[in-house]
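Before any comments, here is the structure.
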Amino acid sequence: MFNDSTIAALRRDFPYLAQCTYLDSGATGLAAPGTGAAAARFYDEMQSRGFDGRPEWMAMRTRVEGELAALLGVSPDWLDFGSGSTDVLNRAMQAVPVAAGDRVVLAADEFPSVLAVAQGLDARGAVLDLIDIPDERDRTARLIAALPGARYVAVSHVHWETGTRVDLAALSTACRTAGVVLVVDGVHAVGAVPVDAALADLYVTSFFKWTMAGFGLGLSVTSPLLRAQMAPQQRGYANLAPSKLLQPSHVNYPGLAALEAALKYLTGLGWEAIFERVALLQRTLADQLRAAGFEVVTPRDAAAGLVAVKVLDPERWAADLAKRGIKLSARGALLRIAPHIYNTQADLDACCAALIAIAGNQP
């Protein structure tokens, strides 16, 4: 667990924290120290060595794949890179087999990218089954109940609006029992909570939120069983037929350099300590807000790093909070607050006080 001196030292790595109370890591995490310098070094190497630097690029890729595989509990050969989670999700789902009438289960309030990709399956003859989730505590159970007769289920590991974390182990067991392919978007989970990506047939993520590595890089994690069934539709020199790899050309090497720097920074802090810290901040903030009379929709026992609060006109609330130096996001009918390892109890107190003050001014 982080102590006070560790947190104080950590905050010095992020100068923006001196300007505001930043509680928006669910939108974009502050980039980890060294990420920009690592990308710049890659470009400097290209300037000075050109293609002669390729052995170092490839060695870096191998190192990063090893670190990610260990973090996600899979083998490196499960991994394919792309430009972001939406990109790799599209590549993967374009490659999976679809027959007329195949049923695809997902929540009606899924993340727009997941819904859009599922609609691509619909265009190939699949039938979408959109499940209403009236109570966040039942999100996992509602999806499991809809599995009989389905071919695929697509779900966010942590819901983008409500912050609800599905029980991935329970859902995985139910999918395997029913013979359903499990597709998971993990962008709000990876880096915030422990992830066992092997529970899914396909698990996708990006690295600009909790892993603090900036934009331009996504990752798909594909089980060998699902990969064997794939027919990649985006082909290039890196995955000429009959290859089952989803990545058709070069990876974003500057993005890999930034990601390697971020992983080094976070690994140095300790993943277990990071997960404990994020959980503590989330739980503490949620309890403070409940005690102050706010409606927190994120379930106590199914949370990750997000705290979602129901208010009228959340965009106005977010704007009012920004004027007070509190940075967070409005999502649908909710305010979404996302503390990360660089936040403190003082940040949570400032957020609560500002929310209470704004509530007192509401008509």
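The values are calculated or read from the model by the stated rules, or taken from the named source; none is laboratory data. Bear in mind that the values here come from a model prediction, so they are computed numbers and not experimental data. No Cβ is skipped: glycine too gets one built from the backbone with ideal geometry, and neighbour counts run over all protein chains shown. Protein only, heavy atoms only, side chains kept; ligands, DNA and RNA dropped before computing areas. Shrake-Rupley method; radii C 1.70, N 1.55, O 1.52, S 1.80 Å.
Would you mind telling me the share, in percent, of accessible area of the chain contributed by carbon and sulfur at probe 1.4 angstrom? Could you put the intermediate results ahead of the total?
Details: 8290 of 14940 Å².
The nonpolar share, carbon plus sulfur, comes to 55 percent.
Label-to-label distance for Arg137 and Ser5 is 4.4 nm, based on points extended 7 Å past Cα in the beta-carbon direction. Amide H to amide H distances under 5 Å link Ser83 with Val88, Gly218, where only residues 5 or more positions off or on other chains count and H is placed in the peptide plane. Of all complete DSSP H helices in the chain, those with a Cα span along the helix axis of 20 Å or greater and a mean Kyte-Doolittle hydropathy of -0.5 or more are 54-72, 253-269, 271-291, 345-360. Descending by average beta-carbon neighbour count within 10 Å, the peptides 251-261, 310-320, 334-344 line up as 334-344, 251-261, 310-320, the highest first.
I need the calculated FRET efficiency for the pair Phe215 and Asp349, taking r as the beta carbon distance and R₀ as 35 Å, to the nearest 0.05. Display every interim value, and only then the final one.
Numbers: r = 31 Å, r/R0 = 0.90.
It comes to 0.65.
Within straight-line reach of Lys327, meaning a Cα separation under 25 Å, sit the following lysines at least 8 residues removed in sequence or on another chain: Lys209, Lys310.
Provide the per residue accessible area, probe 1.4 Å, for segment 277-326, rounded to a whole number of square angstrom. Each step should come with its number before you reach the end.
Working: 2340 Å² over 50 residues.
Averaged over the residues of segment 277-326, the accessible area is 47 Å².
What separates the Cα centres of segment 116-153 and segment 260-335 is a distance of 27 Å.
Here each label is just a point 7 Å from Cα along the line to Cβ, and for Val127 and Ala228 those points are 2.9 nm apart.
Only DSSP H runs of four or more residues enter the estimate; each adds -39500 (n - 2.57), and after division by the residues of the chain the mean residue ellipticity at 222 nm equals -13500 deg cm²/dmol. Using the Cβ-Cβ distance between Gln119 and Leu269 with R0 set to 35 Å, the FRET efficiency works out to roughly 0.30. Sorting 39-52, 219-232 by their mean Cβ neighbour count within 10 Å, with the most densely packed peptide first, gives 219-232, 39-52.
Taking only protein heavy atoms and a 1.4 Å probe, what accessible area per residue, in Å², does segment 13-67 have with all protein chains in place? Write down the numbers at each step before the final one.
On the way: 2990 Å² over 55 residues.
Dividing the accessible area of segment 13-67 by its residue count gives 54 Å².
If you wrap the tightest convex hull around every Cα atom of the chain and split its volume per residue, you get 137 Å³.
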